[in-house]
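Novice: Have a look at this one before I ask anything.
The values are calculated or read from the model by the stated rules, or taken from the named source; none is laboratory data. Bear in mind the structure is a predicted one, so any value in this text is a computation, not a measurement. Neighbour counts run over all protein chains shown; Cβ positions are idealised from the backbone, glycine included. Accessible surface is based on the protein model in full, side chains and every heavy atom, while ligands, DNA and RNA are left aside. Shrake-Rupley method; radii C 1.70, N 1.55, O 1.52, S 1.80 Å.
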Amino acid sequence: MAHSPTATQQNPSKKPKERDAVAVGTRDAAYNRQAGHNYFLTDRWECGVALRGTEVKSIREGKANLRDAYGLVKDGEAFLLNAHIGAFSHGNTMNHEETRTRKLLLHKEELRRLSVKTKEKGYTLIPTRLYFKNGRVKCELALAKGKQDWDKRETERKHEADKEAKSAIARSQRR
């Protein structure tokens, strides 16, 4: 009795299809670059996001933006406001609103700690990145305190000094 060869046995040179880096979770779906420039970021939390199916598909396509987004703790629940998730390209009339308020999923103890810390003067919650972990969308929230203009200039000077020091070390090692 002859066995029928499988697809890999018939064409051994055919490679498996590569998955998108965002979908697999090796690359962030959205990253808030302005957050580190405008705020001092201290504590960070990983939280889930309650999303609709078309929102998840849009995030996989890379249509998420966290630039003006912020977090809010109200009545023992956390919410993500102003996060822009573009419309799904193959969606229909039942597509999602792009900047709707989305619920963040955290443990009660984490919510309690967050509410205490955000009640301190000058502190707010800023989402720093949106990514996939085990097939689920996660949001990294950071406790943030706003920077003044002189703080931003000082941070820029430190970055420049670090960059110059690294390049000097690299030059000395090449010789």
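Novice: Rank these residues by their accessible area, most exposed first, probe 1.4 Å: Arg174, Arg113, Arg129.
Specialist: Result of the area sort, largest leading: Arg174, Arg113, Arg129.
Novice: While we're on this one: If all Cα-Cα distances of region 92-140 are sorted into 5 Å bins from 0 onward, what percent lands in each bin, rounded to whole numbers?
Specialist: All Cα pairs considered, the percentages come to 4, 14, 17, 24, 20, 11, 6, 3, 1.
Novice: Note the angle between two axes, namely the Cα long axis of helix 108-118 and the longest principal axis of the Cα atoms of the chain, as a number of degrees from 0 to 90, rounded to the nearest 10.
Specialist: 40 degrees
Novice: Rounded to the nearest 10 Å², what accessible area does Ser115 show when all protein chains are kept and the probe is 1.4 Å?
Specialist: Its heavy atoms expose roughly 30 Å² to the probe.
Novice: Per residue, how much accessible area does region 30-147 have with a 1.4 Å probe, in Å²?
Specialist: Ligands and nucleic acids excluded, the result is 58 Å² per residue.
Novice: Over the heavy atoms of Ile169, what accessible area does a 1.4 Å probe trace out, to the nearest 10 Å²?
Specialist: The accessible area comes out at roughly 100 Å².
Novice: With the radius of gyration and the Kirkwood radius both derived from the Cα set of region 74-175, what is their ratio Rg to Rh?
Specialist: Computed over Cα atoms, the ratio is 1.14.
Novice: In region 30-147, carbon and sulfur make up what percent of the accessible area (probe 1.4 Å)?
Specialist: 46 percent
Novice: Which entries of Lys74/Lys117; Lys57/Lys138; Lys138/Lys166 have Cα-Cα distances beyond 23 Å here?
Specialist: Over 23 Å apart, Cα to Cα: Lys138/Lys166.
Novice: To the nearest 10 square angstrom, what accessible area does Tyr31 show with a 1.4 Å probe?
Specialist: 140 Å²
Novice: Positive end of the dipole of region 30-147, charges at C-beta (+1 Lys, Arg; -1 Asp, Glu), about the Cα centre: which of His96, Ala50, Asn38 has its Cα farthest in that direction?
Specialist: Of His96, Ala50, Asn38, it is Asn38.
Novice: Quick one: net charge of Ala87's neighbours, Cβ under 13 Å, K/R +1, D/E -1?
Specialist: 0
Novice: Give me the Kirkwood hydrodynamic radius of the chain in Å, from all C-alpha pairs, to one decimal place?
Specialist: Evaluated over the chain, this radius sits at 19.2 Å.
Novice: How high is the relative contact order of region 30-147, given as a whole-number percent (alpha carbon pairs under 8 Å, six or more residues apart)?
Specialist: 36 percent
Novice: Within region 141-175, which residues have the backbone N less than 13 Å from the label spot 7 Å out from Glu120 along Cα→beta-carbon, could you tell me?
Specialist: 143-146
Novice: Return the calculated 222 nm mean residue ellipticity for the chain, to the nearest 500 deg cm²/dmol, obtained by summing -39500 (n - 2.57) across DSSP H runs with n ≥ 4 and dividing by the residue count.
Specialist: One gets -10000 deg cm²/dmol as the mean residue ellipticity at 222 nm.
Novice: Suppose R0 equals 35 Å; then what is the FRET efficiency for Trp150 and Ser89 from their Cβ-Cβ distance, rounded to the nearest 0.05?
Specialist: Once rounded, the FRET efficiency stands at 0.20.
Novice: If DNA, RNA and ligands are ignored and the probe is 1.4 Å, what is the ranking of His159, His90, His96 by accessible area, most exposed first?
Specialist: From most exposed to least exposed: His90, His159, His96.
Novice: Still on this structure, please answer the following. Using the Cα centre as the reference, give the magnitude of the dipole from point charges on the C-beta atoms of region 30-147 (Lys, Arg: +1; Asp, Glu: -1; all else neutral), rounded to the nearest 20 debye.
Specialist: 200 debye
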